[in-house]
């Protein structure tokens, strides 16, 4: 068994930052009663300006909003504790501190989303430990390659999602969880486990949660114990007698001797996520950034479900409460975020907003089985068919379903119906009939002076009396004034020539 | 790519230049452009390669195309105009999966033709671009430029890698 523990030290902040158009602007999460709100977490830009957790909101705002002076004697601000030393060197511009209330519920939501993401690597994902995820990857290692490669992939995808993290892989989830307290990137197997755990300081070893009535940590410290290794060295009977069964059990879990019962996360098989705007958005272009984010999250979700989407819906929450729906249908099951974005963008180019948009919801009610086609494995015709399918999809997404037309031969005499309206049954016999021009002009045009000579004809086309679209025409191959070959007709017994096609 | 017309003998590569634009200049539809293209299009579609017509001068008449030997299932036409037509042509050329792309682009200038030429080269796709006679005097990056005169006669304006024959060539018979 190989268990990965991912620890997210800044989950609340980074979850909130993902929703902001400029994550580099000063931003902080605030907490506490309305009269005494304090900073709970701050992003880098805010920390550089001296904002620290625990500060009163008003104070932190003053740090960010006051103009920053270039001159080193900008003394009035220096009373800020831990103020950034490099403040004097930066330009004098000030940026307002943006804040949002800390929301424990949203942290949990993010953790569940990340669990869904991790589900892409493992069927055993647990949210057992706060701020962390543990999941079993032994079987994934067979599929996805050795641990360093999987580790790089996990880190890469988390980086893309914008979550800082620490991770450790260990033979059991309990050990992984405590080791990630002090390590990042540590990989231990059965043999190395005991020694890795032995060096762990007791206050980092997850002992606090063993027994809420007794402070085991304090008891151990008073007894002179510093590190886990010292406890491992004691005879077990003595350990149990002096410190209770809870500690015994915890140590057993860490060493993998005592199985840990975990609840496993089961993701929901549909996707719905909303992006709220601070300011109403008036143009489609303004939706590009949130759309990209939402599609990224959709893609992560789909990978976790081992599924794709064939269609999804965008809902624009408009000012005034109404909702505009845009359905996006794909020709094939997709889940690659860039492909989804390209297709959605092409689709949106043809959409007019019905009003200022306050929120954007991406809704994928049904997932489809996704069979990834490995491009490099396909050869010749299969590869070409795949490329054609992708091109077809791209053209239809941008130009609309009706722009890309097939050529279908119908058994119908009237040229307009045969070519333009697709009436009648499909022609089955490939027998040669009278000659037809390569091009049909959409509507016959009067062309009396342009025909200089009739080269072949007439061919009487008389049809359609049964559906009211009856015609009675004599068609000729004619030479145009400039030498081109045209298909023209006149009605028997009447004046006037009409151009109806070209012999290319 | 053999053109299956008297042209083959005259062109340096023995046919249409592959992975490049062949430019056809004419006063409009009906100058025998299909008699010129149908042989190569029918061969490509019979090999199972899709072909795309971008903003053709009229609706292709299926019966006529089938009779010319073109496999209709492989034949697609895009009824779009203006910028969308240019975009679509470039996409089709770049995708590298089309047997041939035949486009009618009166709006394309020299810069756009260069862009399409690059797309045809990178997608390794046979391309035909029709433009009006007004563009005859304009410089063009297409390695082969043909001017279609009245029905079924053409003049080679430019062919890279060879001397352009000065006489007019009659090709393909009939309608």
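Assorted remarks:
- Test result for residue A:496, away from chain B (no Cβ under 14 Å), out of contact with any strand residue (DSSP E or B) (no Cβ under 9 Å at 6 or more places or on another chain) and assigned to a loop (DSSP other than H, G, I, E, B): no
- Test: residue A:295 is over 16 Å from residue A:113 (Cβ atoms) and crowded, with 18+ Cβ neighbours inside 10 Å: no
- Looking only at the stretch A:220-237, and only at residues there that are in a helix (DSSP H, G or I) and farther than 17 Å from residue A:200 by Cα, the one that is modelled with the highest pLDDT: A:222
- Strands (runs of 3 or more DSSP E) contained entirely in the stretch A:95-186, each with at least 2 residues that are more than 28 Å from residue A:292 (Cβ to Cβ): A:132-136, A:166-170
- Of the helices (runs of 4 or more DSSP H) lying entirely inside the stretch B:1-107, those containing at least 1 residues that are closer than 23 Å to residue B:150 by Cβ and away from chain A (no Cβ under 11 Å) are B:33-46.
- Checking the stretch A:52-70 against the condition returns a match, with at least one residue being at pLDDT 85 or above and at positive phi.
- Hits in the stretch A:346-366 - residues which are at pLDDT 85 or above and under 17 Å from residue A:295 (Cα atoms): A:348, A:359, A:360, A:361, A:362, A:363, A:364
- For residue A:240, the test of being surrounded by fewer than 17 Cβ atoms within 10 Å (Cβ to Cβ) and part of a loop (DSSP other than H, G, I, E, B) is failed.
- When A:247, A:207, A:217 are screened for being farther than 30 Å from residue A:152 by Cα, in contact (Cβ under 8 Å) with a residue 24 or more places away in the chain and part of a helix (DSSP H, G or I), only A:247 passes.
- Residue list for the stretch A:479-493, filter: more than 7 Å from chain B (Cβ to nearest Cβ) and surrounded by 15 or more Cβ atoms within 10 Å (Cβ to Cβ): A:479, A:487, A:488, A:489, A:490
- Criterion (surrounded by fewer than 16 Cβ atoms within 10 Å (Cβ to Cβ), at pLDDT below 80 and either under 46 Å from the mean Cα position of the chain (by Cα) or within 12 Å of another protein chain (Cβ to nearest Cβ) (or both)) met by exactly one of A:453, A:386: A:386
- Residue in the stretch A:223-233 that is free of Cβ contacts under 8 Å to residues at least 40 places away in the same chain, out of contact with any strand residue (DSSP E or B) (no Cβ under 9 Å at 6 or more places or on another chain), on the phi > 0 side of the Ramachandran plot and surrounded by fewer than 16 Cβ atoms within 10 Å (Cβ to Cβ) present: yes
- Check on residue B:124, within 16 Å of the chain's Cα centre (by Cα), farther than 18 Å from residue B:37 by Cβ and surrounded by fewer than 20 Cβ atoms within 10 Å (Cβ to Cβ): yes
The values are calculated or read from the model by the stated rules, or taken from the named source; none is laboratory data. This is a predicted model, so every value here is computed, not measured. Cβ sites come from the backbone with ideal geometry, for glycine too, and all protein chains shown count toward neighbours.
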